[in-house]
Amino acid sequence: MELVKTIQEVRVAVKAWKKQGLTVGFVPTMGYLHEGHRSLMDAAAAQNDKVVVSIFVNPMQFGPTEDLEQYPRDLEQDRNLCEAAGAALIFHPEPEEMYGKNFCSFVDMTGLTEGLCGKSRPVHFRGVCTVVTKLLHIVQPDRAYFGQKDAQQLAVVRRMVEDLNMDVTIVGCPIIREADGLAKSSRNTYLSSEERQAALVLSRALKAGKEKLEQGVREAEPILAVIRETIRQEPMAKIDYVELVDAETLQPIDRVERDALAALAVFIGKTRLIDNFIFTI
Ligand code: AMP
């Protein structure tokens, strides 16, 4: 496995593989890798000859008051995880490699990016769309892998690839959780042991909402109410949003008649955590 820091080196490696007729699966990440990332790499390895992983904490997708500086990093551990997963190449650029000093081109999306996380993170999806576009142009993979954990990101990337005719298949992968239900996240490392316990309220609240749906409830209000009420019982938790939206358009719904996404963002202390589930009709 190779670790490279320049766009040129990625292009050389991928070109050589393509010349041999090999397929390429791509897993974009911000590093501090865990089993959630590993599941994406496993899916990529199962469906492609070569797997490329990018590790890049993208400054453009962080707001001015967000955790860009504190975001956890551990390249040595990441390298070991990628190696064990059978990745062929890690792309780990510096911000200057990705954004030259005259950089001024952006990929922006309306609609899908305005609700959910977009409301409290107004610059986030412009940063995501721009960096994912750049990475897809650099790596030129056959398939790219994204986690359902970031449900809005997955929907946005799918839409962008379709709208802009990008020649890549986007593969969505299920949420990987800790044994007690907490969705794995690099940001879980911010939590104290008390907060870690309190964070279980996210998956517990979603489970309560899902039970309502499974009992046949289709009105959004009672489903949202049980989720919100469960979270309010945890004193360390503060709701950013709890929403029930159409799984494809991400627009809020009053009744579940098509596939629906129940998504939430909750602060546990200073740490903002997200979780969700999709209810399929
Ligand atoms: P990140 O490094 O947090 O930007 O995540 C990189 C990719 O890994 C994204 O597509 C995430 O959705 C995915 N991912 C992160 N956590 C999980 C998880 N617990 N289960 C599945 N995929 C995940």
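The values are calculated or read from the model by the stated rules, or taken from the named source; none is laboratory data. All values derive from a computational prediction rather than experimental measurement. Don't worry about glycine lacking a Cβ; one is built from the backbone with ideal geometry, like all the others, and counts go over all protein chains shown.
For the stretch 183-197, name all the residues that are more than 9 Å from the ligand (Cβ to nearest atom) and surrounded by 15 or more Cβ atoms within 10 Å (Cβ to Cβ). Before you say what the answer is, go through the steps one by one.
Taking the stretch 183-197 first, the residues more than 9 Å from the ligand (Cβ to nearest atom) are 188-197.
Within the stretch 183-197, Asn188, Tyr190, Leu191, Glu195, Arg196, Gln197 qualify.
Filtering the stretch 242-264 for residues that are out of contact with any Pro (no Cβ under 9 Å at 6 or more places or on another chain), farther than 18 Å from Gly115 by Cβ, crowded, with 16+ Cβ neighbours inside 10 Å and at pLDDT 95 or above leaves an empty set.
Is one or more of the residues making up the stretch 168-178 modelled with pLDDT of 95 or more, more than 30 Å from Pro141 (Cβ to Cβ) and not aromatic (Phe, Trp, Tyr)? No, the stretch 168-178 contains no residue that is modelled with pLDDT of 95 or more, more than 30 Å from Pro141 (Cβ to Cβ) and not aromatic (Phe, Trp, Tyr).
Scanning the stretch 30-49 for residues that are in contact with a helix residue (DSSP H, G or I) (Cβ under 9 Å, 6 or more places away or on another chain), surrounded by fewer than 19 Cβ atoms within 10 Å (Cβ to Cβ) and either more than 30 Å from Leu182 (Cα to Cα) or small (Gly, Ala, Ser) (or both) turns up just one, Asp49.
Counting only residues that are aliphatic (A, V, I, L, M) and surrounded by 17 or more Cβ atoms within 10 Å (Cβ to Cβ), how many does the stretch 8-29 have? Full working, then the answer.
Narrowing the stretch 8-29 to residues aliphatic (A, V, I, L, M): 10, 12-14, 16, 22, 24, 27.
Still in the running and surrounded by 17 or more Cβ atoms within 10 Å (Cβ to Cβ): 10, 13-14, 24, 27.
Of the residues in the stretch 8-29, 5 are aliphatic (A, V, I, L, M) and surrounded by 17 or more Cβ atoms within 10 Å (Cβ to Cβ).
Return yes when Ala205 is within 14 Å of the ligand (Cβ to nearest atom), at pLDDT 95 or above, under 18 Å from Ala263 (Cα atoms) and buried (at least 20 other Cβ atoms within 10 Å of the Cβ) and no when it is not. It is false that Ala205 is within 14 Å of the ligand (Cβ to nearest atom), at pLDDT 95 or above, under 18 Å from Ala263 (Cα atoms) and buried (at least 20 other Cβ atoms within 10 Å of the Cβ).
Near the ligand (Cβ under 10 Å from one of its atoms), in contact with a strand residue (DSSP E or B) (Cβ under 6 Å, 6 or more places away or on another chain) and modelled with pLDDT of 95 or more: is that true of Val10 in this structure? Lay out the reasoning, then the answer.
Values: near the ligand (Cβ under 10 Å from one of its atoms): no; in contact with a strand residue (DSSP E or B) (Cβ under 6 Å, 6 or more places away or on another chain): yes; modelled with pLDDT of 95 or more: yes.
When the stated conditions are applied, Val10 does not pass them.
Out of Asn80, Asn58, one residue alone is within 13 Å of the ligand (Cβ to nearest atom) and among the polar types (S, T, N, Q). It is Asn58. Scanning the stretch 18-44 for residues that are farther than 16 Å from Ile170 by Cβ and outside any helix (DSSP H, G or I) turns up Gln20, Gly21, Leu22, Met30, Gly31, Tyr32, Leu33, His34.
Within the stretch 56-84, residues that are within 19 Å of His37 (Cβ to Cβ) sit with their Cβ atoms under 6 Å from residues that are modelled with pLDDT of 95 or more and among the β-branched types (Val, Ile, Thr), at 6+ positions apart or across chains, in these pairs: Asn58/Val131; Gln61/Val128; Tyr71/Val57; Pro72/Thr189; Asp78/Ile55; Cys82/Val53; Cys82/Ile90.
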